[in-house]
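Structure first, then comments.
Every read-out reported here was derived from the displayed coordinates using simple, explicitly stated rules and does not represent laboratory data. Note that the coordinates shown come from a computational prediction; the quantities given were computed from them, not determined experimentally. All Cβ positions, glycine included, derive from the backbone under ideal geometry; neighbour counts span all protein chains shown.
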Amino acid sequence: MIITQFPIRPDQPLNRSTAVYLMNETLARAHMRERMKHAEHERIVSEVLTARRLQRRAERAARRARKLAHAAGVALSRVS
């Protein structure tokens with residue numbers, strides 16, 4: 001007999017096969033909760049690492065821009 005639903009009434013007695021089925025359902029839910037928690041943690045870690053990489057890229061671009069601006073200013077002062 002395959003049980004596909006929980007007991008209809010809370011006061012309905014559980015037989016052994018229903019109890020085992022409900023235990024397996026509970027275990028499966030707990031396992032999925034852990035997997036979802038782990039996936040959420042991995043997503044957050046990935047976002048933080050991406051933000052750090054983009055921050056470093058922006059800092060390098062800003063340094064290059066300042067260096068080029070300074071070089072252009074020095075070059076213009078030599079021409080005058």
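Suppose R0 equals 41 Å. What FRET efficiency, 1/(1 + (r/R0)^6) with r the Cβ-Cβ distance, do V20 and R53 give to the nearest 0.05?
The calculated FRET efficiency here is 0.25.
For the stretch 28-40, take each phi angle, set θ = phi - 60°, evaluate the Karplus expression 6.51 cos²θ - 1.76 cosθ + 1.60, and give the result in whole Hz per residue in order, putting x for glycine and proline.
5, 5, 4, 4, 5, 4, 5, 5, 5, 4, 5, 5, 5
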